[in-house]
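Here is the structure we will look at, set down as structure tokens.
The values are calculated or read from the model by the stated rules, or taken from the named source; none is laboratory data. Note that the structure is a prediction, hence the values are computed from the model and not measured. Every residue, glycine as well, gets a Cβ built from its backbone with ideal geometry; the counts of neighbours run over all protein chains shown.
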């Protein structure tokens, strides 16, 4: 019997910016207050079209006969031709013609999808270009069954905005609305999200509103997109609080709404929000969260931040224990502490965790309360960092053993399984995958992938040598397992080489052979344990409900009062030696890595218990 065709719906986000298909034509609109006039070039038409200059620097016109698939550029008064800053698609690269896209032409099958509660979240971070040999959204659809079988419930995609060249991590995107053609068309992105939802998988997207990539950003020529009031790590900061900031702020908000609504994403991860400067009465981060949540009142929407300043403000809950602004923050403190314990590295990211006597005190605090530093002075930075976070529930934090930054920002982009003993890695896995904090895996981690994940970025030929030398300079103070005090930066892989990009592509043939198959089985077992024992107890989890006790130099006991009233305990010895004088083990044992007996924990031992 033939299956009935699923009911479909269309989705579109009406923007103040860009091209919008209308009956019989297309509306073009661009904000360019630095230009008195603006013209439009439609590919295939000889004559340029004059746009109408309207209020506050806007130029617009409804053009009959222009349809989806047509290509266009804007022409500045000096004759320079630029792509649409709000382009939905650049089929031939970042500097070429923009394509008119009609989002209503895609038929969605996930009309009843509302998302999943945050407590059920197990995140898998991936880079579309290296996740499969093909490096496309279409190819990634073929791996969804695998992710479901692994136990993943949410996919977090590294940035996909259009960039210069053929390969990039994604954080240099210059067009905030256009998915890069390197991974496919906008319809391919939507097909991936639609298929993920059919597999009950959430999809989050990493977005960057702290800077704009240097190649293909034509906004400074037409609008006050930057301000001299603030500096960022990339130069002048984005103008979120100066003259004409209202439209710049709306550009960022429209971009976020475009991704969540037109692509039906379940959430966003905001890159390096601590570098966003905004002295206005309503910070752009507050505005972004409010507008996104208001636009999706009947769906689960999860907003994640990366914030090296560890600000508790953005993670606060209301009286119903719901996020006021952001759902969670990446917990770098836990990562750094676990990594330092397993590898002994004490430079770069790990310099502030080098005092062994303090390691377990800070690890206990970070696992129990979120931040290891809560206003104290960081020794190597010489400044105070963090805010008190014990009032936040553990689910306010995303915890991980590896991510793109911590792997990629190494001399060789090597993974932890290449630099730490297996017993140490398995102990770290047992901590972060079972913790009440929300776990995140990095692509290929689950089978101990042999492929590194070095930094890669295609740049114009005349910039390659400068980028190579700049990368070597950046890595001088990062850890390297062969000699932590003198990293051999001359061996740094060339980030501008296509070979570097290809070296990061996962080898899926490894999944079926040893030792990779055994690692994969171990991950599946731990995630399954989490779903049985931890996830049902997370709802209702509150702040001020945890405690920790240092048991030895690298040994700690952490406890959490869970949402169902049970008491979850972690006994962890992250040392090569047995730890004696351990308090009595209480509760039902749900997981043991290593060995434990009354009064003793073996080397690299992790024990989880629950007391109802």
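Conditions (1) at pLDDT below 95; (2) touching a helix residue (DSSP H, G or I) at 6+ places or on another chain (Cβ under 7 Å), marked per residue:
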residue: 241; (1), (2): no, no
residue: 244; (1), (2): yes, no
residue: 247; (1), (2): no, no
residue: 250; (1), (2): no, no
residue: 259; (1), (2): no, no
residue: 273; (1), (2): no, yes
residue: 285; (1), (2): no, yes
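Taking (1) under 27 Å from the mean Cα position of the chain (by Cα); (2) more than 30 Å from residue 457 (Cβ to Cβ) in turn, residue 127 satisfies each apart from (2). Given the condition surrounded by 19 or more Cβ atoms within 10 Å (Cβ to Cβ), outside the structural domain of residue 32 (by TED's automatic domain parsing) and within 21 Å of residue 57 (Cβ to Cβ), answer yes or no: does some residue in region 177-200 qualify? Yes. Does residue 592 qualify as being crowded, with 20+ Cβ neighbours inside 10 Å and either touching a helix residue (DSSP H, G or I) at 6+ places or on another chain (Cβ under 8 Å) or in a strand (DSSP E or B) (or both)? Against the criterion (crowded, with 20+ Cβ neighbours inside 10 Å and either touching a helix residue (DSSP H, G or I) at 6+ places or on another chain (Cβ under 8 Å) or in a strand (DSSP E or B) (or both)), residue 592 does not qualify.
Per-residue answers, yes or no, for (1) in contact with a strand residue (DSSP E or B) (Cβ under 7 Å, 6 or more places away or on another chain); (2) modelled with pLDDT of 95 or more; (3) buried (at least 21 other Cβ atoms within 10 Å of the Cβ):
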residue: 98; (1), (2), (3): yes, yes, yes
residue: 109; (1), (2), (3): no, yes, no
residue: 114; (1), (2), (3): no, yes, no
residue: 127; (1), (2), (3): no, yes, yes
residue: 143; (1), (2), (3): no, yes, no
residue: 162; (1), (2), (3): yes, yes, yes
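Among the residues of region 552-568, those that are touching a strand residue (DSSP E or B) at 6+ places or on another chain (Cβ under 9 Å) and farther than 21 Å from residue 316 by Cα comprise 552, 553, 554, 555, 556, 557, 558, 559, 566, 567, 568. The one condition from (1) in contact with a helix residue (DSSP H, G or I) (Cβ under 6 Å, 6 or more places away or on another chain); (2) outside any loop (DSSP other than H, G, I, E, B); (3) under 25 Å from residue 363 (Cβ atoms) that residue 563 does not meet is (2).
Among the residues of region 308-322, the one identified as within 23 Å of residue 157 (Cα to Cα) and surrounded by fewer than 21 Cβ atoms within 10 Å (Cβ to Cβ) is 308. Residues in region 158-186 that are part of a helix (DSSP H, G or I) and out of contact with any helix residue (DSSP H, G or I) (no Cβ under 9 Å at 6 or more places or on another chain): 181 only. In region 345-369, the qualifying residues are those that are without any contact (Cβ under 8 Å) to a residue 40 or more places away in the chain and not in a helix (DSSP H, G or I), and the one that is surrounded by the fewest Cβ atoms within 10 Å (Cβ to Cβ) is 355. Within region 216-229, identify whether any single residue is touching a helix residue (DSSP H, G or I) at 6+ places or on another chain (Cβ under 8 Å) and on the phi > 0 side of the Ramachandran plot, and answer yes or no. Taking every residue of region 216-229 in turn, none turns out to be touching a helix residue (DSSP H, G or I) at 6+ places or on another chain (Cβ under 8 Å) and on the phi > 0 side of the Ramachandran plot.
Table: residues versus (1) surrounded by fewer than 17 Cβ atoms within 10 Å (Cβ to Cβ); (2) under 22 Å from residue 164 (Cα atoms); (3) modelled with pLDDT under 95.
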| site | (1), (2), (3) |
| --- | --- |
| 4 | yes, no, yes |
| 9 | yes, no, yes |
| 22 | yes, no, yes |
| 31 | no, no, no |
| 88 | no, yes, no |
| 103 | no, no, no |
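Is it fair to say residue 315 is modelled with pLDDT of 95 or more and more than 30 Å from residue 377 (Cα to Cα)? It is false that residue 315 is modelled with pLDDT of 95 or more and more than 30 Å from residue 377 (Cα to Cα). Would you point out which residue out of 549, 533, 597 is out of contact with any strand residue (DSSP E or B) (no Cβ under 8 Å at 6 or more places or on another chain) and over 19 Å from residue 425 (Cβ atoms)? Answer to the check: 597. Of 607, 567, all but one fail to be in contact (Cβ under 8 Å) with a residue 24 or more places away in the chain and over 29 Å from residue 149 (Cβ atoms); the exception is 567. Is there a residue in region 460-477 that is outside any helix (DSSP H, G or I) and touching a helix residue (DSSP H, G or I) at 6+ places or on another chain (Cβ under 6 Å)? No, because not a single residue in region 460-477 is outside any helix (DSSP H, G or I) and touching a helix residue (DSSP H, G or I) at 6+ places or on another chain (Cβ under 6 Å). Of the strands (runs of 3 or more DSSP E) that lie entirely inside region 216-329, those containing 3 or more residues that are over 30 Å from residue 8 (Cα atoms) span 226-232, 235-238.
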